[in-house]
1. Report, by residue number, each residue of the stretch 279-294 that is open to solvent by 10 Å² or more (accessible area, probe 1.4 Å) and in contact (Cβ under 8 Å) with a residue 24 or more places away in the chain.
2. Please determine whether any residue of the stretch 624-635 is assigned to a loop (DSSP other than H, G, I, E, B) and touching a helix residue (DSSP H, G or I) at 6+ places or on another chain (Cβ under 6 Å).
3. Does D745 qualify as being open to solvent by 40 Å² or more (accessible area, probe 1.4 Å), among the charged types (D, E, K, R) and under 21 Å from V106 (Cα atoms)?
4. Looking only at residues that are part of a loop (DSSP other than H, G, I, E, B) and aromatic (F, W, Y) in the stretch 502-530, which one is farthest from C584 (Cα to Cα)?
5. Identify all residues within the stretch 414-440 that are part of a loop (DSSP other than H, G, I, E, B), open to solvent by 80 Å² or more (accessible area, probe 1.4 Å) and touching a residue at least 24 places away in the same chain (Cβ under 8 Å); write none if there are none.
6. Please tell me if H652 is of a type outside the set (G, A, S), in contact with a His (Cβ under 9 Å, 6 or more places away or on another chain) and under 26 Å from Y121 (Cβ atoms).
7. Tell me, please, whether a residue that is in contact (Cβ under 8 Å) with a residue 60 or more places away in the chain, outside any loop (DSSP other than H, G, I, E, B) and open to solvent by less than 30 Å² (accessible area, probe 1.4 Å) can be found in the stretch 26-41.
8. Of (1) within 30 Å of A365 (Cβ to Cβ); (2) open to solvent by less than 20 Å² (accessible area, probe 1.4 Å); (3) touching a Phe, Trp or Tyr at 6+ places or on another chain (Cβ under 9 Å), V55 satisfies all except one. Which?
Amino acid sequence: MVQSSVLGFPRMGVLRDLKKANEAYWADKISQEALLAEGKRLRLAHWQIQKDAGVDIIPSNDFAHYDHVLDHIQLFNAVPERYTSQKLSPLDEYFAMGRGHQKGGVDVPALEMVKWFDSNYHYVKPTLQDNQTFSLAQDPKPVREFLEAKEAGFQTRPVLVGPVSFLALGKADRGSSVNPITLLDKLVPVYVELLKQLKAAGAESVQIDEPVLVFDLSPEVKAAFKPAYEAIAAAGDAVPKVIVATYFGDIVHNFDVLPAFSAAAGLHVDLVRNPEQLEPVLKQLGPNQILSAGVVDGRNIWKNDFAKSLQILQTAVKALGPERVIVATSSSLLHTPHTLASEKKLPSDVYEWFSFAVEKVKEVATLAKAVTEPEAVKAELEANAAAIKARTDSKRTNDPAVKERQAQVTPEQHNRKAPFDTRYAEQKKHLSLPLFPTTTIGSFPQTSEIRVQRNKFTKGEISTEEYERFIEKEIELAVKIQDELDLDVYVHGEPERNDMVQYFGERLNGYVFTTHAWVQSYGSRCVRPPIIVGDISRPAPMTVKESKYAASISKKPMKGMLTGPVTCLRWSFPRVDVHQSVQCQQLALALRDEVVDLEKNGIYVIQVDEPALREGLPLRKGEEREAYLKWAVDSFKLATAGVENSTQIHSHFCYSEFQDFFHAIAALDADVLSIENSKSDAKLLKVFIDEEYPRHIGPGVYDIHSPRVPTLDEFKQRIEEMLAYLKPEQLWINPDCGLKTRKWDEVKGALSHMVEAAKYFREKYANKA
């Protein structure tokens, strides 16, 4: 019999219940006991959903109050001393690492947070010391949650981040130089002890995630798998059976590592992202090993094409037999919304095209039955085929006018009218900017009042005129505060925007929208990605009205704010029937019209954000990566190249690890780049010197993901570090990212220190001159 399994389930709940509970705890509105009780309620509900769907292998330890990697940092007592020394409760220590802590005499920043592979989910990076030790936490979370499930009648398979991936995804702390993978010998015994405790608790099998197997691995990381898994195998029957899980790519290039898993019960591979790896993987499996076939997409919302999936599964069953095949999600369902049943406003003709987490667990169970008992699920198979055909035949997907415009795009449309030196000379004269100019990345706090008024407007409780006047008042407030702070380039604060992608999607043809399809991005931060269902075009200006009004009441340059084509694509649920490069070019053409309209209306600094550019980078070097960079860069340039030399184009990027594709960053030809950098080593900026980067750069000087307000000295120290790698005339001073999630007192405190620090260096370098 073919079994079914889910690699992980979304944590937030139907109505973002976990987000609300976490934030209530942080605001001292509920107790620790109440928060933990809500976490337990959600876990029990999610296990029940999977059991009711008929899933055979249900995961545990996939739940996290903030992040699953952060869970492991605390699980292995790999918490840096700056947190342990504060004597916080375990829960508060956990949140301090995730979001910082500035309360009750304790002042510690958060650990670095980066994207989880090429997804929009963020994980907290293990941060390790030269003298690092590991030990198993008392009452280990994976054991506790396994027993919790067992007591409630659920036999689960605990999920762990594997020892090699945990270390390979970590980094040395500031002041340390340790290569994390060299700590393997210290960490593996702790894993073995954890596995023994899980076996003693009754766990029959465990899912150990080693997603780094999809990367191009260094020799040191490759060599680490053998001793790690030999040590686990040496424990014999004292530990559960191990299923090694990989996802987000193929593992064919790392087949030389697979002998390390010879004692493992099975291997999971992602057959959505790379179905072509099936045949070679089948040949690599040992005589009794199980294949967990990831055929239900854990990263997108389209209904599974049962006919295609069954072809893959039947190939596997023919090679191995039904007892050695498990039908699974391609990855954790963490990256998908909770349930389609909550969506009451989707157009009826597209509703049946989609499948969210609750629906996907049903797909997994249906496919497992369909492999050997198709008659038992005949009705489900027929309904699925009808839905797939309806989407294929739909007229929603094709707009001849969009295709005609794409066919007329020329190479010249991708280039600015003059090189940077010429442009900057005109911009300097036009904008009158000082040395070390200060700005923000775009958004200001989305207060409860803004959310309430937006909700009233959406429900029709206030008129368009009332809502627009409210937005104007919020813009006036943002401009007034920037006047008081004495920033150099202003933003309007984006009070009218619900999300940096959804807002634009709602104003473009080719999108549909949900009401409750929230997906966790980090911590309690959730996003509601729009869905691309057809060809994309801009029927009318999207941001001009608000930006023009802001500029009319501002005494300094006002920056127009747009989300770039790559990010609009990556932070939507894209089509699967058209290549992403085609969708990205359509977005670029729509944004090109918006950029030109902003300039026509007196906006001469325009920021086109591309925080997802690196996220979209294929995980391995080679032709696929270069092809991606070509169409991604072309799309950005197509969107931004239609303006005059005197108009300054900015762009914003998440993370500063650009070394492996710096040529593409340079090719964007943006006048100013701002990058998320506050928790990264300033040495990463050295690439801008090494590559003789000529344009301007704004490395983030403080972490906006944390409520903590850095001191003036911290700002000065950070800017001093940057000046070791950047020329003064290149450097802009700005936060890491937008300030949407912060409170006004936090924003004012941090920005006032930031501006004061910039003025200090401005005076210092003016005196040098």
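The values are calculated or read from the model by the stated rules, or taken from the named source; none is laboratory data. For clarity, every value in this text was computed on a predicted model and none was experimentally measured. No Cβ is skipped: glycine too gets one built from the backbone with ideal geometry, and neighbour counts run over all protein chains shown. For the accessible areas, the whole protein counts, side chains as well, though only heavy atoms, and no ligand, DNA or RNA atoms are used. Shrake-Rupley method; radii C 1.70, N 1.55, O 1.52, S 1.80 Å.
1. E279, P280, L282, Q284, L285, G286, N288, Q289, I290
2. No, the stretch 624-635 contains no residue that is assigned to a loop (DSSP other than H, G, I, E, B) and touching a helix residue (DSSP H, G or I) at 6+ places or on another chain (Cβ under 6 Å).
3. yes
4. Restricting to residues being part of a loop (DSSP other than H, G, I, E, B) and aromatic (F, W, Y), the top hit is W518.
5. N415, K417
6. The answer is no for H652.
7. No, every residue in the stretch 26-41 fails to be in contact (Cβ under 8 Å) with a residue 60 or more places away in the chain, outside any loop (DSSP other than H, G, I, E, B) and open to solvent by less than 30 Å² (accessible area, probe 1.4 Å).
8. So the condition that V55 fails would be (3).
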